[in-house]
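Q: First the structure, then my questions, so here it is.
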């Protein structure tokens, strides 16, 4: 217990690091995922194919492979920038998570009753209008629970970015404290586990509340 | 695909769609060409980089693929054990959560919430570093299997619980009224039907297990991804981009086939089970058949 209290600042930094990575990755994958979800219902076939291919590839490929590919493959292409591994980790998370967001959005769009879209068309709205004004606002409410699960899973997946040696992230704190400072492993791991629970458990509870709040009576 | 979003296109809409399709096609083509030029410029399309992986005439091709094949078997072994153990532990958890008396139900629920809230990376790491301290020195594969089991058994328990919840209450009531105990009714009536109803979701979970075996690199278990990473260090290889493309393709193909299998099973089952059509719609459970939180 003393190990945790004595190093609380390091655990805190790790928690903030994880939250920072997750915030960037969440924004990125939500935007990309919604765009891809729209692609998948669009009247233009190539857009549908792009969405389909994206989902097939990134949903079936382990995050580890996506990250390895970005981390070791991109340098081969001469790609390099400051804080390379941090941004590559975020990039990997975005690529991977967006496929799941896309699937959630698509299933939400399909869950909106056909009568809604028919009514929108009947009053003369175009595809973009009916999607933006009628379908998506309802679809996004129904996808709150699955999207929440996806984002919570993303927080947990972000530990993998730390396992790749990105410092200042919660899982990487284990290495800092045990290897560099020689502290016993078990309390450090418990501290890090508590750190993740501090994020995931309230997020799950919040999600439950939100789910009831935005639920549409059908 | 939802087709209610737009009218059957008329001549003008068809023309616009065609124009948009051609433009997007051209844009995609341009991206591919630029990417290939860039790859060529960095010498990534050479025989040196691709030969060992795709050219059977290459001297090290058989060696490389023998190694990849061996690693693929390791991946399947880890995934297989993890699935078997997760099913057993998951079923036990689901049964105890459903039948638990109130005074210890919070314990089961708390344990499940705890395990659901932690990254699988931490569980594998924990198993590999903590168990040896207590004299449990195992082969690397078992740390991976233990970590994956801890993580997936909770999810499988939730899937089974959703399956039980999806059955009409008449199933349990009929069982009780012919004199079965609560436990017998669960084991003989509810569980078999829950398994059947949830088979698609269980197959989808296999995809997750298979993907998560790639975390074997944490415990230095030589499954596909770690083996690939070792292979590309070889002076004769030096082709991470190509190697990971091939590994990704292997995973995508296998998992895609598995998810198609899940969809097929779901279609077959949908007409032959007492369960409600859409388990995702059952309040209080989060498992859904093929979509959902299988991430």
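Since every read-out is calculated from the coordinates, none of them should be taken as a lab result. Everything numeric here is computed off the predicted structure, so don't read it as measured data. Quick reminder, even Gly has a Cβ in these numbers, built from the backbone with ideal geometry, and neighbours come from all protein chains shown.
Q: Give the angle, between 0 and 90 degrees and rounded to the nearest 10, that separates the Cα long axis of helix B:199-212 from the longest principal axis of the Cα atoms of chain B.
A: Helix B:199-212 sits roughly 50 degrees off the main axis of chain B.
Q: Kindly identify segment B:66-281 as rounded, prolate or oblate by the Cα gyration tensor criterion: order the square roots of the eigenvalues as a ≥ b ≥ c, call it rounded if a/c is under 1.5, otherwise compare a/b with b/c, prolate if a/b is larger, else oblate. Display every interim value, and only then the final one.
A: Working: a/c = 3.20, a/b = 1.69, b/c = 1.90.
Here segment B:66-281 falls in the oblate category.
Q: Taking the Cα-to-Cβ direction at residue B:134 and at residue B:27 and moving 7 Å from each Cα, how far apart do the two end points lie in nm?
A: The two pseudo-label positions are separated by 5.6 nm.
Q: Under the rule of -39500 (n - 2.57) per DSSP H run of 4 or more residues, summed and divided by the residues of chain A, what mean residue ellipticity at 222 nm is obtained, to the nearest 500 deg cm²/dmol? Can you show the working numbers first?
A: Details: 10 runs with 161 residues, N = 218.
For chain A, the value works out to -24500 deg cm²/dmol.
Q: Provide A:34, A:214, A:88 in ascending order of the number of other Cβ atoms located within 10 Å of each residue's Cβ, fewest first.
A: Starting with the residue having the fewest Cβ neighbours, the order is A:214, A:34, A:88.
Q: How far apart, in nm, are the 7 Å Cα→Cβ label points at residue B:114 and residue B:73?
A: So the two model labels end up 3.9 nm from each other.
Q: Note down the nm distance, to one decimal, between modelled labels 7 Å out along Cα→Cβ at residue A:190 and at residue A:129.
A: The answer from the label model is 6.3 nm.
Q: Which whole number gives the average, over all residues in A:27-39, of C-beta atoms from other chains lying within 10 Å of the residue C-beta?
A: 0
Q: Order these by the 10 Å Cβ neighbour count, fewest first: A:11, A:100. The partial results should precede the final answer.
A: Numbers: A:11 21, A:100 26.
So the ranking, lowest neighbour count to highest, is A:11, A:100.
Q: Let me ask you something else. On C-alpha positions alone, give me the angle between the axis of helix B:61-99 and the longest principal axis of chain B, in degrees, nearest 10.
A: Compared with the principal axis, the helix lies near 20 degrees.
Q: Which whole-number percent gives the relative contact order of chain A, counting Cα pairs below 8 Å spaced six or more residues apart?
A: Reported relative contact order: 29 percent.
Q: For the Cα atoms of chain B, what angle does the longest principal axis make with the long axis of helix B:240-270, in degrees from 0 to 90, nearest 10?
A: The angle comes out at about 40 degrees.
Q: Just to verify a number: FRET efficiency for residue B:16 and residue B:249, C-beta to C-beta distance, R0 = 30 Å, to 0.05?
A: For R0 = 30 Å, the calculated efficiency reads 0.25.
Q: Right, here's the next one. Please state the shape class of chain A: rounded when a/c is under 1.5, otherwise prolate if a/b exceeds b/c and oblate if not, all from the C-alpha gyration tensor.
A: It is oblate, given that a/c is not under 1.5 and a/b is not larger than b/c.
Q: Given the DSSP H assignment, sum -39500 (n - 2.57) over each helix run of at least 4 residues in chain B and divide by its residue total; what's the result at 222 nm in deg cm²/dmol, nearest 500?
A: Helix contribution divided over all residues of chain B: -23000 deg cm²/dmol.
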